[in-house]
Amino acid sequence: MTTQLDILVSAAQINQRVEELTAEIADRLDEEAVVIGLLQGAFVFMADVVRGLARHGKTPRTDFLWLSSYGDSHESGGRINVLADLQKPIGGRQVLIVDDVYDTGRTILFAKSYLASKGAREVLTCLLARKPLAAELPAPDYLGFDLPDRFLVGYGLDDAGRGRGLPDICAVKT
Ligand SMILES: O=P(O)(O)OC[C@H]1O[C@H](OP(=O)(O)OP(=O)(O)O)[C@H](O)[C@@H]1O
Ligand SMILES: Nc1nc2[nH]cnc2c(=O)[nH]1
């Protein structure tokens, strides 16, 4: 990437936080729980969350829901599009949504009501990062980091499709 970035959270800090979060989550998940990652942004965090859960003795089912609202823009388009649905029913199950960032809150609020409408018994949320706008909204059940109001890239987060594989959480220099 040619974009200039500042590192906000290092890979080592992320690893440590994932370890703490997954210890807490493992205590809360029941044997029939499904961990649901929101594509695309959650795929890196999701991989670390499920491996952390395994270290803490839980190997839940997994699934993905592909939602999109930003496209290649730095601003939410306002409307959430379901690009690909869950592969298995979740009726009566506890679910944990895993996503990368909580910003306007539209994505996570949509995902919560969408999964509830599919019959989930309990919907828990685990967000890697929260930006200041979302601090006014309902808190996630599990949160990695409170970060500033900057455009985030890396560790799953993209800038127009690029940068998801960067190991740290970075912010675009303005
Ligand atoms: O709180 P919000 O304002 O809704 O923003 C959060 C969402 O924005 C990004 O998704 P995006 O639509 O960019 O799709 P992506 O996951 O494929 O990057 C990100 O992955 C979150 O899901
Ligand atoms: N990549 C990326 N996607 C977002 N969606 C909402 N906020 C952000 C952000 O800061 N970075």
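Principal semi-axes of the equivalent ellipsoid, √(5λ) from the alpha carbon gyration tensor of the range 113-170, are 25, 15, 10 Å from largest down. Relative to the Cα centre, the charge distribution of the range 14-94, modelled as +1 at Lys and Arg Cβ and -1 at Asp and Glu Cβ, gives a dipole magnitude of about 140 debye. Across the range 1-43, the residues whose backbone nitrogen lies under 20 Å from the label position 7 Å along the beta-carbon direction of Arg121 are 25-37.
Subtracting the Cα-Cα distance of Ser69 and Glu32 from their residue separation scaled by 0.36 nm leaves 10.3 nm. Distance from the alpha carbon centroid of the range 77-105 to that of the range 120-174 works out to 15 angstrom. Lys/Arg Cβ at +1, Asp/Glu Cβ at -1, dipole of the chain taken about the Cα centre: which of Pro148, Ala111, Ala129 is farthest positive-ward? Most positive-ward Cα: Ala111.
Packing-based ranking of 94-101, 34-41 yields 94-101, 34-41, ordered from highest to lowest mean Cβ neighbour count within 10 Å. Summary value for the chain: 27 percent relative contact order, contacts being C-alpha pairs under 8 angstrom separated by 6+ residues.
Think of the chain as a dipole: +1 on every Lys or Arg Cβ, -1 on every Asp or Glu Cβ, centred on the Cα centre; then among Gly57, Leu67, Val172, Leu67 lies furthest on the positive end. This model, with +1 at the C-beta of Lys and Arg and -1 at the C-beta of Asp and Glu, gives the range 54-129 a dipole about its Cα centre of some 500 debye. Percent of Cα pairs in the chain per distance bin of 5 Å, from zero to the largest separation: 2, 8, 18, 22, 22, 15, 9, 3, 1, 0. Based on the reciprocal of the average 1/r between different C-alpha atoms, the Kirkwood radius for the range 1-75 equals 14.2 Å. Quick one: of Lys58/Lys173; Lys118/Lys173; Lys58/Lys131, which pairs are farther than 32 Å apart, Cα to Cα? Pairs exceeding 32 Å: Lys58/Lys173; Lys118/Lys173.
Using DSSP loop states and a limit of at most 13 other Cβ atoms within 10 Å to flag trypsin sites (Lys or Arg not before Pro), what is the longest stretch of the chain containing no flagged site? Free of exposed loop sites, the longest segment is 80-172.
Values quoted throughout were computed directly from the atomic coordinates according to the rules given, and no laboratory measurement underlies them. Because the structure is predicted, anything quoted here is derived from the model rather than measured. In this analysis, Cβ positions are derived from the backbone assuming ideal geometry, glycine residues included, and neighbour counts consider all displayed protein chains.
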